[in-house]
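Read the structure below first, then the notes.
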């Protein structure tokens, strides 16, 4: 049997707690339980705040990198165009390929392009928040003769942004 005595002065004699099967809790016991829960909640709140801070930082990094996405997409499109043209040229010399050979040639050429682009794309993304990013983007555009595209809009719908992200990830190859 449980007795919860929150009266002041006490209504239940604390000696009853010594009897078998009887439990007496007073205002001090409740205060102790509340205090221990407050400490736990405070610890969890601090943990939640650290999670939020980390996610806000990730969001800021992502936001700062949005202006390099058009350059990355242009670079990937440029290399994909070259890859397709070279495949078409090679197919003319190779003649009829079996489906397995066709898949092997596709995988080989895609793998080469992804490996070539991996480091430049990684460098662009990591430099996105730095002061030299404008110079770096301009250099990429000049070196690879990339056509400027409209900057990524912050007001793009989630489906537009996810399709752009998927395209960027699809062409970026292995990540380290």
Evaluate the following for residue 110: is it surrounded by 15 or more Cβ atoms within 10 Å (Cβ to Cβ), in the same structural domain as residue 145 (by TED's automatic domain parsing) and either under 28 Å from the mean Cα position of the chain (by Cα) or closer than 18 Å to residue 145 by Cα (or both)? yes
Of the conditions (1) part of a helix (DSSP H, G or I); (2) in contact with a strand residue (DSSP E or B) (Cβ under 7 Å, 6 or more places away or on another chain); (3) surrounded by 14 or more Cβ atoms within 10 Å (Cβ to Cβ), the single one that residue 25 does not satisfy is (1)
Residue that is farthest from the chain's Cα centre (by Cα), among those in the range 9-19 that are assigned to a helix (DSSP H, G or I) and surrounded by fewer than 10 Cβ atoms within 10 Å (Cβ to Cβ): 15
Given the conditions (1) within 30 Å of residue 117 (Cα to Cα); (2) not assigned by TED's automatic domain parsing to the domain that holds residue 115, which single one is not true for residue 100? (2)
Index of the failed condition, residue 6 passing every other in (1) in contact (Cβ under 8 Å) with a residue 24 or more places away in the chain; (2) surrounded by 13 or more Cβ atoms within 10 Å (Cβ to Cβ): (2)
Would you confirm whether or not the range 44-53 contains a residue that is within 30 Å of residue 119 (Cα to Cα) and assigned by TED's automatic domain parsing to the domain that holds residue 136? no
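The values are calculated or read from the model by the stated rules, or taken from the named source; none is laboratory data. Bear in mind the structure is a predicted one, so any value in this text is a computation, not a measurement. Here the Cβ is made from the backbone with ideal geometry for all residues, glycine too, and neighbour counts use every protein chain on show.
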